[in-house]
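Remarks on the structure that follows.
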Amino acid sequence: MKRTSSPPTTSTSKRSKPKTMTHSEELPLPLYNPSTSASLSLYKSAHATSIQNTSAYWSSIASSKLDWFAPFSSVLTGSFIDGSVSWFAGGKLNICHNAIDRYCSPPYNRGNETAIIWEGDEPSSVKRISYRELQLNICRIANGLKSIGVQKGDVVTLYMPMVPELAMTMLACARIGAVHSVIFAGFSADAIADRIQDAKSKWVVTAASGSRGGRNLPLKTICDVAVKKERCVGIVQKVLVFDGAGSNGNEWDQDESLHVRFTDLVSAQRPVCACEWMDAEDPLFILYTSGSTGRPKGLVHTTGGYALYAMHTTANSFGLAQQTGPSKEDDPHRDVYACVADAGWITGHTYIVYGPLLNGLSTFMFESTPMYPDHGRYWDMVQRHKITVFYTAPTAIRSLMRFGDEAPNKYDLSSLKVLGTVGEPINPAAWKWYFDVIGKGKCAVVDTYWQTETGGHVITNLPGVTPMKPGSCTLPCYGIEVVVLDAATGQEINETVAEGVLAIKQPWPGMARTCLGDHQRYLNVYMKPYPGYYFAGDGCRRDEDGFIWITGRVDDVLNVSGHRIGTAEVESALVAHSNVAQAAVVGVPHDIKGQGICCFVTLTEGVPESEDLIKELRNQVRTSIGPFATPDMIVLTAALPMTRSGKIMRRILRKVAAGELDTLGDTTTLADPSVVDTLISKVEALK
Ligand code: PRX
């Protein structure tokens, strides 16, 4: 089999063409096939059953895998058309009970088993927290939250480092029916303020500080700046500050009218707190994500469907089994599962916190970075903790691969069985390095495709079941009916080999139900583009075996190191600067990050171009969004390529930024075609 490293683009589109990653390597790779044709046939028939009668499929799993306080009276109701999807209506449950409490009692009796293995910023700082300890701590936090007035339905914003207290507070919110809104600790004060305002969140939980890669993260200080912004004044009632959590310190200034010393308050609480009975459709959490227009949207995930989907996909995609009793001493099959993402993103919500704990597994929380204290950190952890399932992003693999094989070869990686990747298409060279050098050719590499909106994996190979093709996320998960649509006509392409946009034909339990406070936006973005389908926003290709290859976003959303960033967000950060007249932001292929951010900026009349101004603009984006959105390239220009009707031609900007000058296309329709030559020479000078 031979494939090129640049994934194909979709067919003629009424939207802009997908921005694809191009990597320099081109590798002919074989089909990796540790599975058998029998297992693949079993998958195919089970998958067919799961989508033929999707309600029956999910109903039986929901009844057998989750504890319900009251049974559900219907399974699936509603449709994509009006976004009225509801799963397990009438059913009452609590996800914290399902993830924690039930494992502390018969028949599971896993109270003494490790629930969280936490590794702090320094490799020597490791904590193991049992299910029972976790339960007691969650109850204390839950009581602490209640004692300051948090009620069922309130939105609690969490801005925390990767410490156990983050997972515990998420679960404590779920326990009392509060809705958590976790903000990744790399976001700026402005971004926090926007999210607090949007969710009208009265409560903010943070930590005095965090540590990452040997550096201090002044989280409480950033939160203070956020909550003092005009748009948050009158909304936020209290900021609860953990101190001494994880690797962070406990020195901080307290404003008694605002701050609560949460560590002290929590430790004074009774470690018993009943779980609130939640309706299956009650909101569990909000998570903000970027779209192609406007401000980030708060996607709302609900309790029952999300719990089921997180639990089910964690077990299936990683070849893990729900733990139904105490572990046997020295069990050679004992799994140590480690997802090294950050809980501030959906990957952390589903595959660090909820999915593993709902299965009674131990989960790993990693506070540091793959480069600290050196680039062998991941592999050192695999050896020390005997990790069996390791889940990371292609960007991390690419950045570690640069250092060669010496670091991974220094460590014993023989415990590994399954390697996972998520967040962006994985290029064949990175796949091969992961498979050969990390997995020693004996591990399954699961390429999990999904989104904040989907709640959990929707397309992935299953270890030992689906043959692997490097770069393809392969086949849909159980209960997921994936179709490829012609982007222009919206018609399903029935031929096996197809190229178009990815859509899902039937509701699934883990899907987000709405955008907080703006159901119309939810409908416009996901349901209206192709009526009757959920539109994922990605282009894809389906090959002769029916395997899916994601070709990238077909909207103005960038994927930078697996982080989703809207070009509109970066543009509005730039135009907020008084010297900026206009900004157009496009993605540019980047060897490590997948995509980099390239900004074309015109200045207000009379402002001279300067290096200092470029620095200021870069800083402006960092302050407005966060350091992870720092532009890779800022091109100051007197003019942008515009059509005669005044529309910026982003297609041309993308080509110029990528240096793909042979395929610039027709520039004669521009109001001033000479702008393009100026931009080309400016970009070349910057490279
Ligand atoms: O473009 C797809 C890409 O990441 C987007 C979702 O981003 P986010 O909501 O931040 O969630 C990231 C973690 C699930 C998708 O629309 N994406 C995610 N996983 C893959 C991927 N692209 C290709 N292959 C994947 N495995």
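The values are calculated or read from the model by the stated rules, or taken from the named source; none is laboratory data. Quick caveat: nothing in here was measured; it's all calculated off a predicted structure. In this analysis, Cβ positions are derived from the backbone assuming ideal geometry, glycine residues included, and neighbour counts consider all displayed protein chains.
Taken over the range 649-664, residues that are buried (at least 17 other Cβ atoms within 10 Å of the Cβ) and not charged (D, E, K, R) amount to 6.
Among the candidates Gly510, Gly439, Gly490, the residue that is touching a residue at least 12 places away in the same chain (Cβ under 8 Å) and crowded, with 20+ Cβ neighbours inside 10 Å is uniquely Gly510.
Scanning the range 546-564 for residues that are modelled with pLDDT of 95 or more and either closer than 14 Å to Ile480 by Cβ or of a type in the set (Asp, Glu) (or both), we see that the one that is nearest to the ligand (Cβ to nearest atom) is Ile548. Are there any pairs, at least 6 apart or on different chains, whose C-beta atoms fall under 9 Å, with the first in the range 258-282 and free of Cβ contacts under 8 Å to residues at least 12 places away in the same chain and the second acidic (Asp, Glu), and if so, which? That search, which allows pairs on different chains as well, returns Asp264/Asp243. For the range 287-309, filtered to residues that are closer than 18 Å to Ser86 by Cβ and within 16 Å of the ligand (Cβ to nearest atom), the residue that is surrounded by the most Cβ atoms within 10 Å (Cβ to Cβ) is Tyr309.
All of (1) touching a strand residue (DSSP E or B) at 6+ places or on another chain (Cβ under 9 Å); (2) at positive phi hold for Thr395 with one exception: (2). Give me the pairs, please: first residue somewhere in the range 43-55 and in a helix (DSSP H, G or I), second residue anywhere and basic (Lys, Arg), beta-carbon distance under 9 Å, and either six or more positions apart or on two chains. That search, which allows pairs on different chains as well, returns Ile51/Lys505. Exactly one residue out of Val465, Val445 is of a type in the set (Val, Ile, Thr) and at pLDDT 95 or above: that is Val445. If we scan the range 572-592, do we find a residue that is within 16 Å of the ligand (Cβ to nearest atom), of a type in the set (Asp, Glu) and farther than 28 Å from Val675 by Cβ? Within the range 572-592, none of the residues are within 16 Å of the ligand (Cβ to nearest atom), of a type in the set (Asp, Glu) and farther than 28 Å from Val675 by Cβ. Residues in the range 341-371 that are crowded, with 22+ Cβ neighbours inside 10 Å, hydroxyl-bearing (Ser, Thr, Tyr) and either away from the ligand (no atom under 16 Å from the Cβ) or part of a loop (DSSP other than H, G, I, E, B) (or both): Ser362, Thr363, Ser368. Tell me yes or no: at least one residue of the range 581-594 is in contact with a strand residue (DSSP E or B) (Cβ under 7 Å, 6 or more places away or on another chain), without any contact (Cβ under 8 Å) to a residue 40 or more places away in the chain and farther than 27 Å from Asp342 by Cβ. Looking through the range 581-594, at least one residue is in contact with a strand residue (DSSP E or B) (Cβ under 7 Å, 6 or more places away or on another chain), without any contact (Cβ under 8 Å) to a residue 40 or more places away in the chain and farther than 27 Å from Asp342 by Cβ. Within the range 458-468, being farther than 19 Å from Pro507 by Cβ and in contact with a Phe, Trp or Tyr (Cβ under 6 Å, 6 or more places away or on another chain) holds for Val465, Met468. Taking the range 414-427 as the range and being in contact with a strand residue (DSSP E or B) (Cβ under 9 Å, 6 or more places away or on another chain) and either hydrophobic (A, V, I, L, M, F, W, C) or farther than 19 Å from Lys593 by Cβ (or both) as the test, the residues that pass are Leu416, Lys417, Val418, Leu419, Gly420, Val422, Ile426.
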